[in-house]
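Working notes, beginning with the structure itself.
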Amino acid sequence: MTALARTNLRHAYELNRQRIAQLWSEAQPMVEGDPASQYLARQGLRGPWPEALRLHPALEYWHTDNQGHASCIGSFPALLAALEIDVHTYGMHQPAEHHKVALQRFYLTAQGTPAPVPAFIKSTGTDGQIKGAAVRLSAPHARADGVVLGVAVGVVAALRFAAAARLPVWAVADPAALAHFRWPRGLTHLHVFTDTSDAAQAVPACELVRKATRCGLSCHVQTITPPRALQSPHTTTAPNV
């Protein structure tokens, strides 16, 4: 990578960092009855809601057409999910800091249904390398036999698996991200939850299990085929606009 390319990349990361911080500060914790909680309730989920999720009251939706023209379709309530990674600013021997590398945005109506937009789930641009990032929906559980955590594709799926298995489950943004998931330090048991209706999850899940097992973790793969009405839509990654 040339010096100019590195400079441009750093500039893009800085702009994205400012955008992520702005959106997160404009959002608020979810409460029962707001559009975000209604959306999750429609997926069969109940609060209390994690701190990694917030409601933005009115977020602009920008769409770029096939000719490259960008336009604002409107403003909508939006569920924000923070994709985070651990960074060791002061060295590996110091506690890690949680860094918001991107936000997933679920554009909604006031009634908690998907907004009438081309893709109602989009991601912001990233502030740094996103490989390994996840939405940290709850803290890992410490048990007598070690520390346990699960991972699944998508916020809705992760919350469903967590409720069903009574385990903490983090969410990655898409199937490919499973293979690069970074589990937290000290973890001893990793549960990888996959959806059999999405064939793209199989290979990355196997790769994650292979890497985690080589690192000494006890791994468990659990699959489910959800009813068609409950299957989650795929995420669309889009520029930070």
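Summary table below
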read-out	value
Loop-resident sites, segment 10-48, for trypsin sites (Lys or Arg not before Pro), counting at most 12 other Cβ within 10 Å (DSSP)	Arg46
Per-selection Rg to Rh, segment 99-183 - Cα, Kirkwood hydrodynamic radius	1.02
Environment charge of Ala179, counting only residues whose C-beta is closer than 14 Å and scoring Lys/Arg +1, Asp/Glu -1	+3
Probe 1.4 Å, protein heavy atoms only - accessible area per residue of the chain in square angstrom	52 Å²
Quotient of C-alpha Rg and 2.2 N^0.38 Å, computed over the chain	1.02
Percent accessible area from carbon and sulfur atoms, the chain, protein chains only, probe 1.4 Å	56 percent
Dipole magnitude of the chain about its Cα centre (Cβ charges: Lys, Arg +1; Asp, Glu -1), debye to nearest 20	460 debye
Positive-end residue, the chain charge dipole about Cα centroid, Cβ charges, pick of Ala176, His191, Gly216	Gly216
Neighbour count of at most 16 Cβ within 10 Å plus DSSP loop: longest GluC sites (Glu not before Pro)-free window in the chain	52-241
Expected 222 nm ellipticity per residue - DSSP helices of 4 or more, -39500 (n - 2.57), all of the chain, to 500	-7500 deg cm²/dmol
Nearest-20 debye value, segment 27-128 charge dipole, Cβ charges on Lys, Arg, Asp, Glu	280 debye
Loop-located trypsin sites (Lys or Arg not before Pro) in segment 99-158 whose Cβ has at most 14 other Cβ within 10 Å (DSSP)	Lys131
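The values are calculated or read from the model by the stated rules, or taken from the named source; none is laboratory data. Not measured: the values here are computed from a predicted model. FYI the Cβ positions are ideal-geometry reconstructions off the backbone, even for glycines, and counts take in every protein chain you see. When the accessible area is computed, the model is the full protein with side chains, heavy atoms only, and any ligands, DNA or RNA have been set aside. Shrake-Rupley method; radii C 1.70, N 1.55, O 1.52, S 1.80 Å.
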